[in-house]
1. What number of residues within segment 233-255 are among the aromatic types (Phe, Trp, Tyr) and outside any loop (DSSP other than H, G, I, E, B)?
2. Give the residues of segment 142-175 that are within 16 Å of ligand 2 (Cβ to nearest atom), modelled with pLDDT of 95 or more and part of a loop (DSSP other than H, G, I, E, B), sorted by residue number.
3. Among the listed residues 29, 43, identify the single one that is crowded, with 16+ Cβ neighbours inside 10 Å, farther than 22 Å from residue 341 by Cα and more than 16 Å from ligand 2 (Cβ to nearest atom).
4. Going through 334, 295 one at a time, which residue ends up being within 16 Å of ligand 2 (Cβ to nearest atom) and in the same structural domain as residue 75 (by TED's automatic domain parsing)?
5. Quick one: which of 133, 69 is away from ligand 2 (no atom under 16 Å from the Cβ), over 20 Å from the mean Cα position of the chain (by Cα), crowded, with 16+ Cβ neighbours inside 10 Å and within 19 Å of residue 4 (Cβ to Cβ)?
6. If a residue has to be of a type outside the set (Gly, Ala, Ser), out of contact with any helix residue (DSSP H, G or I) (no Cβ under 7 Å at 6 or more places or on another chain) and within 13 Å of ligand 1 (Cβ to nearest atom) to count, how many in segment 1-55 make the cut?
7. Looking only at segment 1-32, count how many residues are within 15 Å of the chain's Cα centre (by Cα) and outside any strand (DSSP E or B).
8. Of all the residues that make up segment 313-361, how many are basic (Lys, Arg) and under 21 Å from residue 99 (Cβ atoms)?
Amino acid sequence: MARILAIESSCDETAAAVIENETTILSSVVASQLSVHAKYGGVVPELASREHLRAVVPVVREAMSAAGLQWRDLDAVAATSGPGLAGALLVGLTYAKAISFATGIPLIAVNHIEGHIHAVILEAAQRGTPVELPALAMIVSGGHTHLFEARAAGGYRLMGRTRDDAAGEAFDKVAKLLGFGYPGGPVIDRLAPCGDPDAVRFTSAKMKGNNLDFSFSGLKTAVLRWVESHEMTAEIEVRKALLRATPWPTTEQWLEVTPAATLDLVASFQRTVVDELLKHAVNATDQLEGIRSLIVSGGVACNSGLREAVNSRSVGIPVHFPSPGLSTDNAVMIAAAAFPKFRAGQFADLDAAAEPNLALA
Ligand code: KG4
Ligand code: ZN
């Protein structure tokens, strides 16, 4: 029997989890900082570090007590070492080092993106339908939009990545522009079904070089041009006022202050992002030999339009999404990614550095 405690603090959630033997989740605690950053329309790195410092000890304590464990019951402690915000990463990694030093259990450094991939591998194994390798892993979050080949022999190969904004970043920037606050993905997701996705035609980015690379900044600019040419200042101000009065408006409240033409814009924007993601996933599976499954993970994997599109258009191979709770940042995924390293004895030194630009491949 082996148990790993993991800590995640790369962006704006402080999370801790304990898992036993690869797939049994003994506890999972996530303290979100969304309410701290929402009024700034995005994550403020200095505030993130401060909030992680406040939260990390109680979050770890809660994860340990929910699992009913003492330090001596652990076999290793893992933490995200990158990629992410330097100051934020340092908090979780340093605390994990302190636990390792004080208890004598080994330290495991985990790549955050590998964590998102392992969230899916863990849940597929729990369901009795393990992810078949080699797989194509599409990681779509606020900070990342990557396509990797996850090889059967272990390791990853980078197939494509965004050249500018990440997919989640595009959701967040467009939502902010339209007065829907932060984070934008969940709001756009809820409103998109109320609009006509064919109403506004956005052209997809033409990539020179690697056709599996993404670009979302042109789409963001196209939405901005649309807003500028449609006299939307008044309605945007009304939505901003709603947000000041009610930090997390319901879908009904948003619908009261959002005209049909804006819902059409939102639906068309989401459709364009979803089509772009799906097109790249299909192209990559066509270009790679013998891909046996598709993994979609990261915050944008919550998007219902993306899930519907993937499920309705036959991709030809099994597709695995994480449950919503494991799509956004959490520590279960870090513990899951730590297990193969634990089995292989791949431990980190106490001088391991936080690496904001850590690459997976
Ligand atoms: O994985 P995550 O929690 O953090 C990063 O590693 O970045 O992803 C957060 C991102 C945000 O950009 C958020 O707007 C987006 O995921 N997101 C969504 C949805 N839920 C969260 N985007 C589209 N539709 C959603 N339902
Ligand atoms: Zn993430």
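1. Summing the residues that are among the aromatic types (Phe, Trp, Tyr) and outside any loop (DSSP other than H, G, I, E, B) in segment 233-255 gives 1.
2. Listed by number, the residues that qualify are 165, 166.
3. 29
4. None of the others qualify; the one that does is 334.
5. 69
6. Qualifying residue count, segment 1-55: 3.
7. Matching residues across segment 1-32 total 4.
8. Summing the residues that are basic (Lys, Arg) and under 21 Å from residue 99 (Cβ atoms) in segment 313-361 gives 2.
The values are calculated or read from the model by the stated rules, or taken from the named source; none is laboratory data. The shown structure was predicted, so the numbers you read here are calculated from the model rather than taken from an experiment. Heads up, the Cβs are rebuilt from the backbone with ideal geometry, glycines too, and the neighbour counts pull from every protein chain shown.
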